[in-house]
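Notes for the one structure printed next.
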Amino acid sequence: NVLEANSGGDLDLKIGNLKVSSGKGIDFSAVGGPLSGSSSNSQLFEDYERGTFQMAILTGSGSATIDSSYRTGVYIKTGDLVNCNIHVRVGAISSPSGTFQLTGLPFTTPNDVKYRFSGVISAYFGFTGRSDETPLGVYLNNNSTTLNIVEPNGNSVTSSIADQLVANQSELYVTITYQIGD
């Protein structure tokens, strides 16, 4: 038999892979919880994907490019949740100033202002005029595939940090997990 029940009642797939038809998935509605019995699809697991994506830099004015060896990010998408790991190094600059953003995330966030996602910059170096006491942060707006790189400023953030970029030196390691739109 290709598929058989074991003594614990679980199904064992002996050969091949389990393939799910498009639009179908694993239904967890029998597990219970606040949405059990509702007509919501929130308890249907229907997607898993791994891949890569290419990042680019946006600045308020001037320009900056990413070194081609350091612009590929990796992601894992599980249902409507995406986890991205990014390592970028600035290649060339031409008088960058104003905002500093990384664009090119693999999926767009929902078009709803209640969705804002923050991530972690686990390491950065090679920026001019920065002290170790002022960390950089990252967040993603609604309906977006662009990361905003910011620094704390009291109870707000400052996004005008592009003038701190240094060619062939500025580097960031970023992790962000975010929900995607329908």
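Could you tell me whether Pro110 is touching a strand residue (DSSP E or B) at 6+ places or on another chain (Cβ under 9 Å) and farther than 26 Å from Val166 by Cα?
Numbers: touching a strand residue (DSSP E or B) at 6+ places or on another chain (Cβ under 9 Å): yes; farther than 26 Å from Val166 by Cα: yes.
The answer is yes for Pro110.
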Residue that is surrounded by the fewest Cβ atoms within 10 Å (Cβ to Cβ) [pool: residues in the range 148-182 that are assigned to a loop (DSSP other than H, G, I, E, B) and small (Gly, Ala, Ser)]:
Gly154
Where Asn111 falls short, out of the listed (1) in contact (Cβ under 8 Å) with a residue 40 or more places away in the chain; (2) surrounded by 14 or more Cβ atoms within 10 Å (Cβ to Cβ); (3) assigned to a loop (DSSP other than H, G, I, E, B):
(2)
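Here is a check on your reading of the model: is Asn142 among the polar types (S, T, N, Q), surrounded by 13 or more Cβ atoms within 10 Å (Cβ to Cβ), free of Cβ contacts under 8 Å to residues at least 40 places away in the same chain and in contact with a Phe, Trp or Tyr (Cβ under 6 Å, 6 or more places away or on another chain)? Even if it seems obvious, please write down each step before you answer.
Details: among the polar types (S, T, N, Q): yes; surrounded by 13 or more Cβ atoms within 10 Å (Cβ to Cβ): yes; free of Cβ contacts under 8 Å to residues at least 40 places away in the same chain: yes; in contact with a Phe, Trp or Tyr (Cβ under 6 Å, 6 or more places away or on another chain): yes.
So Asn142 fits the description; yes.
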Cross-chain or 6+ apart pairs with Cβ under 7 Å, the range 7-24 first and open to solvent by 100 Å² or more (accessible area, probe 1.4 Å), then part of a loop (DSSP other than H, G, I, E, B) and of a type outside the set (A, V, I, L, M, F, W, C)
Lys14/Asn1; Lys24/Glu46
Anything in the range 52-74 that is closer than 12 Å to Leu105 by Cβ, in contact (Cβ under 8 Å) with a residue 40 or more places away in the chain and open to solvent by 50 Å² or more (accessible area, probe 1.4 Å)? List them, or say none.
Gln54
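The values are calculated or read from the model by the stated rules, or taken from the named source; none is laboratory data. Predicted, not measured: the structure shown is a model, and the values here were computed from it. Neighbour counts are summed over all protein chains in view; Cβ atoms, including those assigned to glycine, are modelled from backbone coordinates with ideal geometry. Protein only, heavy atoms only, side chains kept; ligands, DNA and RNA dropped before computing areas. Shrake-Rupley method; radii C 1.70, N 1.55, O 1.52, S 1.80 Å.
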